[in-house]
Amino acid sequence: MLSTGALRAHLLAARLAGPVATSRETSLRSYRLFAARDPRVMLGLAPERAWGEGELLRLMADRCGVSGDPAHVSGPDAIDPDRTVAALDAFAERLALVAERRAPVLLGTGHPHRLLGFYAGLADALSAAGCPVLTPAQGRCVDITTRFGVRPYRLDYVRGVALVREPGGRPTGGETGAHTHSPLPVRLALQDAAERLGVLPELVIGDHGWVCGAGQLGIEAIGPADTDDPALFVGEAEGRVSVVVPLDDGVRAPFYRPLTRYVLNRACLSQ
């Protein structure tokens, strides 16, 4: 069992919290784009009201622990590890409730190279607890806008976790899928779940567009987010996202394993 103190120490040592690799310049740019409602950073969320840059900075300071000083414009950004621990505890509570009901769940990631293992551990535990882990729209194609234009991708599942792949490419040893912020994969998955399977997940677990896209459609959603992903925190503030865990979402994949162990233990789902 990983204690809260040990988890906090791990967050700092792995740079999941504390000073993180995401730069202040990158975070502030995302806040500016979000305030302008640029679709590249909205992640499928349609805010109920306007959010100015200053208001977004105050929100992120409150939810993540970044500096609230608008004059702080360069250098590494920072996440308060105590806020991360508190959010992981809330995350675990949502897992425990869905496991108690043996309710259907959907897991998906736009960060498969980093976070696939984290979600796969959750999928395994929830399945063992009796939750149907849904895999709708497997193999279906979805067109996603990228910086290179609109490109086709294929929805796939690895250990119960959805991701997208470049079509035509066959999975090989190190390939896990493509990085994406798009909400289109979760929309496709939810549509297929409703129309073909006749069931919707009670909880979506993921990141980026998986969380915001599901929350925008009224499906409960939880997941991690970095300091340059204000959409998830706005969704949480407006009540369409249940729990957002502030952490760096780009560190090495093994560094997320202790987080899986921690939340599963807190949720009494450890195997």
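The values are calculated or read from the model by the stated rules, or taken from the named source; none is laboratory data. Small disclaimer: the values here were computed from a predicted structure and weren't measured. FYI the Cβ positions are ideal-geometry reconstructions off the backbone, even for glycines, and counts take in every protein chain you see. Heads up: the accessible areas ignore ligands, DNA and RNA and are worked out on the full protein's heavy atoms, side chains in. Shrake-Rupley method; radii C 1.70, N 1.55, O 1.52, S 1.80 Å.
The figures follow:
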quantity: Some residue of the stretch 62-76 being closer than 29 Å to Val158 by Cα and either in contact with a helix residue (DSSP H, G or I) (Cβ under 8 Å, 6 or more places away or on another chain) or open to solvent by 10 Å² or more (accessible area, probe 1.4 Å) (or both); calculated: no
quantity: Options Ala103, Ala128, Ala189, Ala123; residue that is under 18 Å from Gly44 (Cα atoms) and either among the β-branched types (Val, Ile, Thr) or out of contact with any helix residue (DSSP H, G or I) (no Cβ under 6 Å at 6 or more places or on another chain) (or both); calculated: Ala189
quantity: Meets criteria (open to solvent by less than 40 Å² (accessible area, probe 1.4 Å), modelled with pLDDT of 95 or more and either closer than 30 Å to Leu28 by Cβ or in contact with a Lys or Arg (Cβ under 9 Å, 6 or more places away or on another chain) (or both)) for Pro224; calculated: yes
quantity: Wholly within the stretch 77-187, strands (runs of 3 or more DSSP E) carrying at least 3 residues that are touching an Asp or Glu at 6+ places or on another chain (Cβ under 8 Å) and either at pLDDT below 95 or open to solvent by less than 10 Å² (accessible area, probe 1.4 Å) (or both); calculated: 149-158, 161-165
quantity: Search result, residues across the stretch 244-271 that are crowded, with 18+ Cβ neighbours inside 10 Å, in contact with a Gly (Cβ under 8 Å, 6 or more places away or on another chain) and either among the aliphatic types (A, V, I, L, M) or at pLDDT below 95 (or both); calculated: Val244, Val245, Leu264
quantity: Tally, over the stretch 11-28, of residues that are touching a residue at least 24 places away in the same chain (Cβ under 8 Å), out of contact with any Ser or Thr (no Cβ under 9 Å at 6 or more places or on another chain) and open to solvent by 40 Å² or more (accessible area, probe 1.4 Å); calculated: 4
quantity: Filtered residues of the stretch 188-221 (kept if surrounded by fewer than 24 Cβ atoms within 10 Å (Cβ to Cβ), among the hydrophobic types (A, V, I, L, M, F, W, C) and in contact (Cβ under 8 Å) with a residue 24 or more places away in the chain); calculated: Leu188, Leu190, Ala193, Leu197, Val199, Leu200, Leu203, Leu217, Ile219
quantity: The one condition in (1) closer than 18 Å to Asp248 by Cα; (2) outside any helix (DSSP H, G or I); (3) more than 18 Å from the chain's Cα centre (by Cα) that His72 fails to fulfil; calculated: (1)
quantity: Verdict on Gly65 being at pLDDT 95 or above, small (Gly, Ala, Ser), in a loop (DSSP other than H, G, I, E, B) and within 22 Å of Leu7 (Cβ to Cβ); calculated: yes
